[in-house]
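Read through the structure below, which is laid out as structure tokens, and then see the notes.
The values are calculated or read from the model by the stated rules, or taken from the named source; none is laboratory data. Only a predicted model underlies this, so the values are computations on that prediction, with no experimental measurement involved. Cβ placement follows ideal geometry from the backbone for every residue including glycine, while neighbour counts extend to all protein chains displayed. Only protein heavy atoms, including side chains, enter the accessible area calculation; ligands, DNA and RNA are left aside. Shrake-Rupley method; radii C 1.70, N 1.55, O 1.52, S 1.80 Å.
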Amino acid sequence: MSADWPILTLGDVCETITDGAHNSPKTVEQGKPMASVKDLTRFGVDLSGARLISQEEFDKLVKQGCQPEVGDVLIAKDGNSALDTVCTVDEPLDAVMLSSVAILRPDKTKLDLDFLKYYFCSKQIIDYLKNNFISGAAIPRVVLKDFRKAEIKVPPIDVQKKISKKLRTLDNKIELNHQTNQTLEQIAQAVFKSWFVVFEPTRAKIAAKQNGQDPERAAMAAISGKTLEELVGLSPEHQQQLKTTAALFPDALVESELGEIPEGWGVKDINQIAENVAMGPFGSNIKVDTFVDEGVPIINGQQLKGTMLEDGKNKFITHEHADRLIKSNVYRDDIVITHRGTLGQVSIIPEGSQYDRYIVSQSQCYIRPNKEVVSPMFLIFYLKSFIGQHELLANKSQVGVPSIAKPVTNIQKIELVVPAKDISDEFQSMANSLLSKISKSLDEIRTLEIIRNTLLPKLLSSELCINGYGDLETNVGLEEEN
């Protein structure tokens, strides 16, 4: 029982408790990654957005112990997200950490690294740690010399490993779903680029005509990624579907102010293809004392990480309050953009969203596509594409908090190549099919997270015997790893 588990301190069970660099080397265009708290995820360090520092500075920081080792546990240490994100280092990490990340190296004879991670994931433990080990009013931070005194209930190492294995089974399934979702989204992005950026179906038709070949078959090959020979092996239904799609594409390019574009397409600015572009309310319109337990949710940045807005932990205002902020109300198929803070976040409110309407925050603006002109899926994937991101961030302010200058005006002025409506609708249908699979996967992720978060405190306290829920994996479609 838990009463038999000794209570030790983090200092007792960790060989090292330190953090990353306290100096911030100059950012360079080519160099080695330096990660901070913003780069931490539950499943590891995401270096895709990490800034780069010179090799010389990197080597100095490695010598100072700022590079995590395999077997370390990393936790957010500074800022508003202090203690909210934790992960393990499961493979060599070619990066150094900034001081906003704490690096804990457990003594393997006393503490399993996964057990330590899950210890930091328990809400009860997080509340205990935040109440006792965070200081600083302006910038919350964990003071490591005090953090070493944090208490942890330590079962025998074999029990720790069994607990970790149970919880990791759930986390592995969650991570696999996230990876599958990324693959599905990449497929949609690849189709968008092929159809609307490099115009592969149209160019295939042009080349086929010049070579005396069948333009339609050439476009079918370009759309499917198959060779002409491989098309023959497809089912008649699949071939007919490709043929219908191929027939939508023009067989000629014409000059425009944005270069060559397919014949019959046009160049429009976002103002011409949107019913509305607007910003969220000023902070004075939504204050802490206006929040309620239920009502109209306010969108937060954590919900804008994927193509689809993910329902999450929202703050709410009353429906009456939302009615007074009607210009800041957003609905399904609206596209939300972050214009202040973490720039470049763009998500669409999906058809299957939990709420009928939302409120955008003061750091966000939105586009309501005119569906008579362009499909919402075309516009969201344009804004998430390389060229769309470039246009969004073209007016980025370099002073103070990152922001887009005059966001509504500058977004309205963005010019883009707009396809014929029937092709835009065809892309909408294809993208909806992929995003529907992502949505189902997200539902499963939420279910798995509820199970994990329910089990976590009970396992850590031994309230639930580790052998007492052997049917869990069967009930949620999981199998425990051998």
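The Rg/Rh ratio for segment 257-301, using Cα coordinates for both the radius of gyration and the Kirkwood hydrodynamic radius, is 1.29.
With Cα atoms defining each centre, segment 243-260 and segment 431-463 are spaced 43 Å apart in the structure. Is segment 347-451 best put as rounded, prolate or oblate by its Cα gyration tensor, with a ≥ b ≥ c the root eigenvalues, rounded for a/c under 1.5, and otherwise prolate when a/b is larger than b/c, oblate when not? It comes out oblate by the Cα gyration axes. Taking Cβ atoms as reference points and 11 Å as the exclusive limit, the residues near Leu242 contribute a net charge of +1, counting Lys and Arg as +1 and Asp and Glu as -1. Just the protein heavy atoms count here, and of the accessible area of segment 16-131 at 1.4 Å, carbon and sulfur take up 49 percent. Per residue, the solvent-accessible area of the chain (1.4 Å probe, heavy atoms of protein chains only, all protein chains present) comes to 50 Å². FRET efficiency for the pair Lys145 and Asp94, taken as 1/(1 + (r/R0)^6) with r the Cβ-Cβ distance and R0 = 51 Å, rounds to 0.95. Both radii are taken from the alpha-carbon atoms of segment 130-191; with Rh as the Kirkwood radius, Rg/Rh is 1.24. Of the beta bridges in segment 236-370, as assigned by DSSP with both residues counted there, near 90 percent are antiparallel. If the Kirkwood radius is taken over C-alpha pairs of segment 366-406, then at 25 °C and 0.890 mPa s the Stokes-Einstein diffusion coefficient equals 211 µm²/s.
Helix 215-224 axis versus longest C-alpha principal axis of the chain: approximately 10°, rounded to the nearest ten. The relative contact order of segment 1-134, computed from alpha carbon pairs under 8 Å that lie at least 6 residues apart in sequence, is 30 percent.
Only helices enter this figure: runs of n ≥ 4 DSSP H residues, each worth -39500 (n - 2.57), summed and divided by the residues of the chain, yield -12000 deg cm²/dmol at 222 nm to the nearest 500.
With an a/c value of 1.5 or above and a/b not larger than b/c for the gyration tensor axes a ≥ b ≥ c computed over the alpha-carbon atoms, segment 58-177 is described as oblate.
Pairs of Cα atoms nearer than 8 Å and 6+ residues apart set the relative contact order; for the chain it is 14 percent.
Taking Cα atoms only, the orientation of helix 200-210 departs from the longest principal axis of the chain by about 40 degrees. Segment 280-312 and segment 339-402 have Cα centres separated by 15 Å. For the chain, DSSP calls about 90 percent of its internal beta bridges antiparallel.
Overall, the accessible surface of segment 289-397 at a probe of 1.4 angstrom is composed of carbon and sulfur to the extent of 48 percent.
Distance between the C-alpha centres of segment 1-60 and segment 164-230: 36 Å, rounded to the whole angstrom.
Here the spin labels are modelled as points 7 Å beyond Cα on the Cα-Cβ line, and at Ile326 and Asn80 they lie 3.0 nm apart. Between Ser361 and Ile299, the built amide H atoms are under 5 Å apart, and every one of these is 5 or more places off in sequence or on another chain.
For Lys149, go through the lysines and keep the ones whose alpha-carbon is under 21 Å away, minus same-chain ones fewer than eight residues off. Here the lysines satisfying the reach criterion relative to Lys149 are Lys77, Lys108, Lys110, Lys117, Lys123, Lys130. Note the angle between two axes, namely the Cα long axis of helix 157-196 and the longest principal axis of the Cα atoms of the chain, as a number of degrees from 0 to 90, rounded to the nearest 10. Result, in degrees: 20. Here the simple spin-label model places points 7 Å from the Cα toward Cβ, and for Lys305 and Phe291 these points are separated by 2.0 nm. When the Kirkwood hydrodynamic radius is evaluated over all pairs of different C-alpha atoms of segment 197-274, what value in angstrom, to one decimal, is obtained? Final number for the Kirkwood radius of segment 197-274 is 13.5 Å.
A Förster radius of 51 Å combined with the Cβ-Cβ distance from Gln272 to Asn172 puts the calculated FRET efficiency at roughly 0.60. One compactness figure for segment 237-357 is 1.46, namely its Cα radius of gyration divided by 2.2 N^0.38 Å.
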